[in-house]
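Peer 1: This is the structure, below, for whatever I ask next.
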Amino acid sequence: MARQAGYRLIAGVDEAGRGPLAGPVVAAAVIIPKGVVLEGVRDSKAMTEKAREQAFSHIMERATAVSVGVVSQRDIDRFNILKASLDAMKRAVLSLEPKAEYVLVDGIHKVPAPLPQKCLIKGDQISLSISAASVVAKVYRDRIMRAYHALFPVYGFSENKGYGTAKHLAAIRAHGYSPVHRLSFRGVRQVD
């Protein structure tokens, strides 16, 4: 599609962290050279943590460009998760070097950037560059959550990555909110 139209630098974009109760939303943009095969790279949600880490290394070695955009939980609370996700995607796309000529986006919302683009539902199952972006975003966000775990170990962020597990919700009830919790999220508000 985009290659047949003459575009060479095609970025895949995806995000990680829309649903958790804590931490940022992270988006990644990845340009994979034509003809490059990345064995084992697929939708990050279908991969083990170890497989994602290995795939991340392969992507970083073989990609033409990789960029990440991060939007904090404060900004998620100030705006909303959709706007924050789109802002993270915009940051990732506009930070690519070399610049993308065309963007493939996972989902139904275009990135607010002045580039030709196509939205693909389940794009992380269709496009290698989107799959690679999903892996990069997930690994990057998981690393942030492990760093938060070192600061706030009672919440178990290294295991739950900010998602609302029973242990995580019990920790919020016992200890209150950490500075990295999304106070605008219903799951966090319902703990009280």
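The values are calculated or read from the model by the stated rules, or taken from the named source; none is laboratory data. Quick caveat: nothing in here was measured; it's all calculated off a predicted structure. Reconstructed Cβ throughout: ideal geometry from the backbone, glycine too, with neighbour counts over all protein chains shown.
Peer 1: Restricting the range 79-89 to residues that are over 16 Å from PRO20 (Cβ atoms) and more than 12 Å from the chain's Cα centre (by Cα), which is modelled with the lowest pLDDT?
Peer 2: Across the range 79-89, the extreme among qualifying residues is PHE79.
Peer 1: Would you confirm whether or not the range 117-133 contains a residue that is part of a helix (DSSP H, G or I), buried (at least 19 other Cβ atoms within 10 Å of the Cβ), polar (S, T, N, Q) and within 16 Å of the chain's Cα centre (by Cα)?
Peer 2: Yes, because at least one residue in the range 117-133 is part of a helix (DSSP H, G or I), buried (at least 19 other Cβ atoms within 10 Å of the Cβ), polar (S, T, N, Q) and within 16 Å of the chain's Cα centre (by Cα).
Peer 1: Can I ask one more? Would you confirm, using the coordinates I've provided, whether VAL68 is surrounded by fewer than 16 Cβ atoms within 10 Å (Cβ to Cβ) and among the β-branched types (Val, Ile, Thr)?
Peer 2: In short, no.
Peer 1: Right, next: Being assigned to a helix (DSSP H, G or I), of a type in the set (D, E, K, R) and in contact (Cβ under 8 Å) with a residue 12 or more places away in the chain is the filter here, so list the residues in the range 137-169 that pass it.
Peer 2: Within the range 137-169, LYS138, ARG141, ASP142, ARG146 qualify.
Peer 1: Please go through the range 95-114 and give me each residue that is surrounded by 15 or more Cβ atoms within 10 Å (Cβ to Cβ) and aliphatic (A, V, I, L, M), ordered by number.
Peer 2: LEU96, ALA100, VAL103, LEU104, VAL105, VAL111, ALA113
Peer 1: Please determine, by comparing only the residues of the range 41-55 that are part of a loop (DSSP other than H, G, I, E, B) and surrounded by 14 or more Cβ atoms within 10 Å (Cβ to Cβ), which one is modelled with the lowest pLDDT.
Peer 2: Looking at the filtered set, the residue picked out is ASP43.
Peer 1: Whether any residue in the range 84-91 is under 30 Å from LEU169 (Cα atoms), touching a residue at least 12 places away in the same chain (Cβ under 8 Å), surrounded by fewer than 16 Cβ atoms within 10 Å (Cβ to Cβ) and among the polar types (S, T, N, Q) is what I want to check.
Peer 2: No, there is no match, as no residue in the range 84-91 is under 30 Å from LEU169 (Cα atoms), touching a residue at least 12 places away in the same chain (Cβ under 8 Å), surrounded by fewer than 16 Cβ atoms within 10 Å (Cβ to Cβ) and among the polar types (S, T, N, Q).
Peer 1: Looking for something of a type in the set (Val, Ile, Thr), on the phi < 0 side of the Ramachandran plot, part of a loop (DSSP other than H, G, I, E, B) and surrounded by 17 or more Cβ atoms within 10 Å (Cβ to Cβ) - is there at least one such residue anywhere in the range 71-80?
Peer 2: no
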